[in-house]
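Here the structure is laid out as structure tokens; the discussion comes afterwards.
The values are calculated or read from the model by the stated rules, or taken from the named source; none is laboratory data. No experiment lies behind these values; they were computed from the predicted model shown. Ideal geometry is used to build each Cβ from the backbone, glycine not excepted, and the neighbour counts take in all protein chains shown.
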Amino acid sequence: MNIVGTLKRFVKRHRFVPKGADFGVDSFVRRPWLWFNRDAIKVGKNVFIGRESVFHPVTKYAGVSHTPSIKVGDGTYIGGYCQIHAMGRIEIGPECVLSEHVYISDIAHGMQILPTPIMEQPLESKGPVLIGRRVFLGYRVAVLPGVELGDHCIVGTNSVVTRSFPAGSVIAGSPARLMKMRPGFDA
């Protein structure tokens, strides 16, 4: 018995394609997972999504209907314990790498001073989250509403991305800021 055969059997036993979601060829999710409103999720081909992932396109909240969309490009790797929440649109480009415990959302709770509790107020958004091709998000990165990351960006561990950055940016921090540009890219 060789290690490759053992690994293939392990992966086959623990992978799954959630019914109702639009999945490309050779894409799968490791079990267990928690996916809601799967008809609003589109996953390209050759995508790996780690265990304990939560994909939550919110179609209705606090009596308000939404038309969410979560799209993952071909060849993307999403690590375990990743959470993606959308009331509008989240797009992850092709050939990206999202490390473990990454959080991406285009949603914010209403925080008006009303007699209504926060959890019962309508959701708000500053816009979609758009992640370009071959972007790397480090361990425990959070990408918040209205952010666009250009192609080939690198985001450091534990960063909180609150604004957009152009292609080739290397960013880190909380809130994330530009550390440098990758060779061949201009600021």
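Among the listed residues G79, G93, G88, G73, which satisfies the condition of being within 17 Å of H56 (Cα to Cα), crowded, with 16+ Cβ neighbours inside 10 Å, within 12 Å of the chain's Cα centre (by Cα) and of a type outside the set (D, E, K, R)?
Working: G93 fails: within 17 Å of H56 (Cα to Cα); G88 fails: within 12 Å of the chain's Cα centre (by Cα); G73 fails: within 17 Å of H56 (Cα to Cα).
Checking each option against the conditions leaves just G79.
Going by the structure shown, is P183 without any contact (Cβ under 8 Å) to a residue 24 or more places away in the chain, out of contact with any strand residue (DSSP E or B) (no Cβ under 6 Å at 6 or more places or on another chain) and not charged (D, E, K, R)? For P183, the condition - without any contact (Cβ under 8 Å) to a residue 24 or more places away in the chain, out of contact with any strand residue (DSSP E or B) (no Cβ under 6 Å at 6 or more places or on another chain) and not charged (D, E, K, R) - is met. Taking the condition in contact with a Phe, Trp or Tyr (Cβ under 8 Å, 6 or more places away or on another chain), touching a residue at least 12 places away in the same chain (Cβ under 8 Å) and buried (at least 17 other Cβ atoms within 10 Å of the Cβ), does A176 pass? Yes.
Taking the criterion of being under 21 Å from G93 (Cα atoms), in contact with a helix residue (DSSP H, G or I) (Cβ under 6 Å, 6 or more places away or on another chain) and not in a strand (DSSP E or B), the only residue of segment 58-76 that qualifies is P68. Determine, yes or no, whether V129 is within 21 Å of I171 (Cα to Cα), buried (at least 21 other Cβ atoms within 10 Å of the Cβ) and either basic (K, R) or more than 10 Å from the chain's Cα centre (by Cα) (or both). For V129, the condition - within 21 Å of I171 (Cα to Cα), buried (at least 21 other Cβ atoms within 10 Å of the Cβ) and either basic (K, R) or more than 10 Å from the chain's Cα centre (by Cα) (or both) - is not met. Of all the residues in segment 62-107, those that are on the phi > 0 side of the Ramachandran plot and of a type outside the set (D, E) number 5. Considering only segment 63-106, state which residues are farther than 14 Å from S53 by Cα, of a type in the set (V, I, T) and at pLDDT 95 or above. Matches in segment 63-106: T67, T76, I90, I92, V97. The single residue among D74, D106 that is more than 22 Å from G173 (Cβ to Cβ) and in contact with a Gly (Cβ under 7 Å, 6 or more places away or on another chain) turns out to be D74.
Note on segment 81-117: residues that are in contact with a strand residue (DSSP E or B) (Cβ under 7 Å, 6 or more places away or on another chain) and assigned to a loop (DSSP other than H, G, I, E, B) total 9.
Only residues that are at pLDDT 95 or above, among the hydrophobic types (A, V, I, L, M, F, W, C) and in contact with a helix residue (DSSP H, G or I) (Cβ under 9 Å, 6 or more places away or on another chain): list them for segment 26-57, please. The answer is F55, and nothing else.
I need the full set of residues from segment 149-176 which are farther than 19 Å from S105 by Cα and assigned to a strand (DSSP E or B), in order please. If the condition is that a residue be farther than 19 Å from S105 by Cα and assigned to a strand (DSSP E or B), then S169, V170 are the ones that fit.
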